[in-house]
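Contents: one structure, followed by commentary.
The values are calculated or read from the model by the stated rules, or taken from the named source; none is laboratory data. Because the structure is a prediction, the values reported are computed rather than measured. Glycine also receives a Cβ, built like all others from the backbone with ideal geometry; neighbour counts cover every protein chain displayed. What goes into the accessible areas is simple: the full protein's heavy atoms, side chains included, and nothing from ligands, DNA or RNA. Shrake-Rupley method; radii C 1.70, N 1.55, O 1.52, S 1.80 Å.
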Amino acid sequence: LSGSSSRDSVPSSALYKELKSLMTTNHKTITSYADTRDLFKYTDCQNSGGKISSFYSGLAIGPSWDGGATWNREHTWPNSKGLGGDDENDIMMLRPTWVSENSSRGNTAYGESGSYYYPGDGLRGDCARICLYVWIRWGSSWGADSVTEVFQSVDVLLAWMALDPVDTWELGRNDSVESITGTRNVFVDYPELIFVLFNQGFIYIY
C-alpha cells in the first residue's frame, strides 16, 4: 500500500486507512484513566525492585499510587490538543512521570526551538512514534495535518524517528501493552512505514 505525496492528503491514503483499521480492529480492551496507575507496573516497569520508570528521565518511581503526590500520568499527546474520550485514556500514549517533569512539559508541543519541549536524545523517537500512533489510531477527524499540533513540524518528527531508532525498551513495552489492550503501535514494529506514509525517501538530519 502507498502513502501520499501530499502531506495534507495523507489520511486519505490507502496505507493510512489500513494502519488505522489494523490498530483499531485489534484494540479489544479500552483502558480507563484510573486503570493505568495500576498497569504501569507491567508496561513501564524497571528491571529490578518493582519500580516504575519515569518516562522523561528514567528515574525510579512508585510503584504504589500515592494520589499524584510524587508521580502522575503524562499525556504524551496533551488533552488540550484534540483528545476527548477513550483516546485520552489509552495506555499506549499515557506514561508515568514525576510531577515536576509533567509540570515542566505542560502541553507544549515537541520540537527543537525555545518555544517547544525537547526531550532527551534517547526519547525523541519514542515521542514521535507515540504521537504517530495517536494520530492514526484515534484521529483523522482532527484534520489532515493535526500531528503538527503536538510536533513543531512533520520534518522534525521524521528526523527524530531517524535519529532515535526503536530500542528494546519500546519493543518490550509494545508487547506489554498488546497483552492488555490487544493492539500495538505499528511504528515500533515497522518504523519505516512512516516514511512510506509521507512518501519520504530520505531524511535530512540537521
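Under a point spin-label approximation (7 Å from Cα along Cα-to-Cβ), what is the Glu112-Ser9 distance to one decimal in nm?
2.9
So what is the accessible area of the chain per residue, in Å², with the probe set to 1.4 Å?
Solvent-accessible surface per residue comes out at 43 Å².
If you take the Cα atoms of the chain, find Rg, then find the Kirkwood Rh from the mean of 1/r over all pairs, what is Rg/Rh?
Reported Rg/Rh, Kirkwood definition of Rh: 0.94.
In nm, what is the difference between 0.36 nm times the number of residues separating Leu59 and Tyr190 and their Cα-Cα distance?
44.3 nm
Leu171 to Tyr42: extension gain in nm, 0.36 nm per residue of separation minus the Cα-Cα distance?
Roughly 45.1 nm would be gained on extension.
Once amide H atoms are placed 1.01 Å from N in the peptide plane, what residues at a sequence separation of 5 or more from Glu74, or on another chain, have their amide H within under 5 Å of its amide H?
The list, which skips near neighbours in sequence, is Arg95, Thr97.
Step through the residues of region 75-80 one at a time and calculate ³J(HN,Hα) from phi using the Karplus curve (6.51 cos²θ - 1.76 cosθ + 1.60, θ = phi - 60°), rounding each to whole Hz and writing x for Gly and Pro.
Calculated HN-Hα couplings, in order: 7, 4, 9, x, 3, 6 Hz.
Summarise the accessible area of the chain (1.4 Å probe, protein heavy atoms) by the percent that is carbon and sulfur.
Result for the chain: 50 percent of the exposed heavy-atom area is carbon or sulfur.
Can you list the residues, at least 5 places off or on another chain, whose amide H is less than 5 Å from the amide H of Phe151, using H built in the peptide plane?
Tyr110
What is the helix-to-structure angle for 154-163, meaning the angle in degrees between its Cα long axis and the longest Cα principal axis of the chain, kept from 0 to 90 and rounded to the nearest 10?
On a 0 to 90 degree scale, this one is about 60.
How long is region 77-198 along each principal axis, judged by its Cα atoms, biggest number first, in Å?
Principal extents (Cα only, largest first): 37, 31, 29 Å.
Pull up the DSSP beta bridges for the chain and report the antiparallel fraction as a percent, rounded to 5.
80
Starting at the first residue of region 39-44, write each ³J(HN,Hα) from the Karplus equation 6.51 cos²θ - 1.76 cosθ + 1.60 with θ = phi - 60°, in whole Hz, x for Gly and Pro.
Going residue by residue, I get 8, 4, 5, 9, 8, 10 Hz, with x marking Gly and Pro.
In whole Hz, what ³J(HN,Hα) sequence does region 12-17 give by Karplus (6.51, -1.76, 1.60; θ = phi - 60°), x for Gly and Pro?
9, 6, 4, 5, 4, 4
Which residues' amide hydrogens lie under 5 Å from the amide hydrogen of Ile91, considering only partners 5 or more residues apart or on another chain, with H built in the peptide plane?
Amide H neighbours of Ile91, under 5 Å, 5+ apart: Thr31.
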